[in-house]
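The next block holds one structure in the form of structure tokens; read it before the comments.
The values are calculated or read from the model by the stated rules, or taken from the named source; none is laboratory data. Note that the structure is predicted; figures quoted are calculated from it, not measured. As a convention, Cβ positions derive from the backbone with ideal geometry for all residues, glycine included, and neighbour counts pool all protein chains shown.
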Amino acid sequence: MKKIFKEVFDTALYLAVIFVLTFLFITFVAQRTQVIGRSMESTLHSGDSILIEKVSYRFGDPKRFDIIVFPYQYGNEEYFIKRVIGLPGERVRIDNDGNIYINDQILEENYGKETIEDPGRAITEVVLGDDEYFVMGDNRNHSMDSRDISVGNIKKGDFLGRGFFRIYPFSDFGSIK
């Protein structure tokens, strides 16, 4: 009887440790999330499963063009996946021709799927605070992002993490940029 009790206890303890480690990993290190919508096409597609890591921004700052995940402030547990365009202290503007300017210099990038038709609030210069980021979807004309007043500038503390690896579909398995 003691032997059976010990085996049951050891198994329960093993499962509890696995559960706690999994919970800690998902809470503090990385987690899977699914892309819903087409705002990040052609980099990410609706239905893609990606991993987001939560550690690097605790020790360093986001870089331009990082793909980040953050909660939508007016959504019910709704999260957005966007690309960092403007960094703290910078000035961001988008002209009527769809050019993005950072501190009056055209941003050299090739992530945008098409020419921006609506610069939104960035038609006039957006000045980012010390802890604010300007984010945009790669599918610029089908993305609700920092150009929209309801999204606005995003604070680093609101970032859930950085998207770095696609795990599904298997045909696109690998790092994302």
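A few comments on the model shown:
- All conditions in (1) of a type in the set (A, V, I, L, M); (2) surrounded by fewer than 21 Cβ atoms within 10 Å (Cβ to Cβ); (3) touching a residue at least 24 places away in the same chain (Cβ under 8 Å); (4) farther than 28 Å from Phe28 by Cα hold for Ile176, with the sole exception of (4).
- Meets criteria (farther than 17 Å from Asp138 by Cβ and crowded, with 16+ Cβ neighbours inside 10 Å) for Pro88: yes
- The criterion of at least 2 residues that are farther than 30 Å from Val127 by Cα and either modelled with pLDDT of 85 or more or hydroxyl-bearing (Ser, Thr, Tyr) (or both) is met, among strands (runs of 3 or more DSSP E) falling completely within region 1-92, by 30-34, 49-53.
- Selection within region 99-145: residues that are hydroxyl-bearing (Ser, Thr, Tyr) and in a loop (DSSP other than H, G, I, E, B). The member of this set that is nearest to Asp66 (Cα to Cα) is Tyr111.
- Residue check for Glu125: over 19 Å from Phe164 (Cβ atoms), crowded, with 16+ Cβ neighbours inside 10 Å and modelled with pLDDT of 95 or more: no
- Hey, Asp138 touching a residue at least 40 places away in the same chain (Cβ under 8 Å), surrounded by fewer than 21 Cβ atoms within 10 Å (Cβ to Cβ), of a type in the set (D, E, K, R) and within 29 Å of Val55 (Cβ to Cβ) or not: no
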